[in-house]
Each structure stands twice: as C-alpha cells, then as structure tokens.
C-alpha cells in the first residue's frame, strides 16, 4: 500500500532527524543544542574527545520500493558548513538520517569523510544498499545507529475493520 505523505512531510522529517540526532548524542553524554545558522543545525561537545562538533543534518524519507535510492547532498552544503564551523570553532560534521520502509538509519561522520566517500561524483551522498551498510558499519570513522519501526494499527486498518468511531 502506498503511503501519501503530508504537504509538510519534508519539514517534519528534517525536524525529526535533528531531534533524533540530538537525542542520541545526549543519551551518550554529549552536551548538545539545536542552532539556527546557515549550514549548521546542531552543536555538540564530544565527551570522549572534547571536540566541538558543528553538525549539518540531512534527512530523507523513502517510500517502499525506493529504500536503496542514493542519498544526494549538494556539494554547496560543505563550504556553508565549513564557514559557519570556522566562525564558531567547530569541526564540521554531517549526520544523515534515512527513514526507509521499516528501518530508520543514522550515520554521523566528518564533512571531510563524506566528501572522501563520495569521490568524484557531482553530488555528495551515501549509497543505501545492504553491502554499503556493511561497509559503513566497518568504517571506524562513521558512527551509526538504526532501529526498526512497525505500525501495529493505523487508520486504514480501523476503517477496514469497521471499528472506526463515528
């Protein structure tokens, strides 16, 4: 069944992704905050390295059947992030959050590493095939987490079961 997303789904997806990365960092002892600045979404102090991280969060929500679609990030994001990080004394990072069917995957890496992974492609990004995930998980320069989601009951099942309140 195809899911029709709301007209504001892209904005909501971005806000959710920023909140999710903030939550995960905070859960693991990072002091962090959401910021509103050109190219920069989050600032976090790594408790392990003491590094101040300036993080640009990129989020994508994929429909069923498009889960393996390449995640494109415009190269113009890099100089914007770098300029803002220089002003604030941060190391530039990208967080990529992908909601693909029943799995939400999150990857966190330096801007330099994302550029390196992208090679000579016109746009930066990450491949989303199973063999790519295995490569990312083996890469010590990428922090990653994921979780599975399952909708147990939703409006369409209530309506088809005749249980919808009138």
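Would you pick out the residues in the stretch 23-38 that are part of a helix (DSSP H, G or I) and either in contact with a helix residue (DSSP H, G or I) (Cβ under 7 Å, 6 or more places away or on another chain) or surrounded by 15 or more Cβ atoms within 10 Å (Cβ to Cβ) (or both)? Step through it out loud before you land on a result.
If we filter the stretch 23-38 for residues that are part of a helix (DSSP H, G or I), which is where we start, we get 23-27.
Correct list: 24, 25.
Only residues that are farther than 18 Å from residue 106 by Cβ and part of a loop (DSSP other than H, G, I, E, B): list them for the stretch 118-131, please.
119, 120, 121, 122, 123 - these are the residues of the stretch 118-131 that are farther than 18 Å from residue 106 by Cβ and part of a loop (DSSP other than H, G, I, E, B).
Just to be sure I understand the filter: pairs with C-beta atoms under 6 Å, separated by 6 or more residues or on different chains, first member in the stretch 126-146 and farther than 15 Å from residue 116 by Cβ, second member at pLDDT below 85 and in a loop (DSSP other than H, G, I, E, B). Which pairs pass?
128/68; 129/68
Take residue 12 and decide whether it is surrounded by 12 or more Cβ atoms within 10 Å (Cβ to Cβ) and out of contact with any strand residue (DSSP E or B) (no Cβ under 8 Å at 6 or more places or on another chain). Outline the logic, then answer.
Details: surrounded by 12 or more Cβ atoms within 10 Å (Cβ to Cβ): yes; out of contact with any strand residue (DSSP E or B) (no Cβ under 8 Å at 6 or more places or on another chain): yes.
Criteria met by residue 12.
Consider residue 41 against the criteria (1) out of contact with any helix residue (DSSP H, G or I) (no Cβ under 6 Å at 6 or more places or on another chain); (2) farther than 17 Å from residue 145 by Cβ: it satisfies all of them except one. Which criterion is unmet?
All conditions are met except number (1).
Restricting attention to the stretch 55-83, and to residues there that are surrounded by 13 or more Cβ atoms within 10 Å (Cβ to Cβ) and in a helix (DSSP H, G or I), which single residue is modelled with the lowest pLDDT?
Among them, the one singled out is 77.
Could you tell me which of the residues 115, 97 is surrounded by 12 or more Cβ atoms within 10 Å (Cβ to Cβ), over 20 Å from residue 21 (Cα atoms), at pLDDT 85 or above and touching a helix residue (DSSP H, G or I) at 6+ places or on another chain (Cβ under 7 Å)? Spell out how you get there, then give the answer.
On the way: 97 fails: over 20 Å from residue 21 (Cα atoms).
Of 115, 97, the one residue that is surrounded by 12 or more Cβ atoms within 10 Å (Cβ to Cβ), over 20 Å from residue 21 (Cα atoms), at pLDDT 85 or above and touching a helix residue (DSSP H, G or I) at 6+ places or on another chain (Cβ under 7 Å) is 115.
Go over the candidates 86, 134 one by one and state the one that is at pLDDT 95 or above and in a helix (DSSP H, G or I). Outline the logic, then answer.
Numbers: 134 fails: at pLDDT 95 or above.
After ruling out the rest, the residue left standing is 86.
Restricting attention to the stretch 118-144, which residues are within 13 Å of the chain's Cα centre (by Cα) and surrounded by fewer than 14 Cβ atoms within 10 Å (Cβ to Cβ)?
Pass one, the stretch 118-144, residues within 13 Å of the chain's Cα centre (by Cα): 125-126, 128, 142-144.
The answer is none; no residue qualifies.
The values are calculated or read from the model by the stated rules, or taken from the named source; none is laboratory data. This one's a predicted model, so the numbers in the text were calculated from it and none came from an experiment. Backbone-built Cβ (ideal geometry, glycine too); neighbour counts: all protein chains shown.
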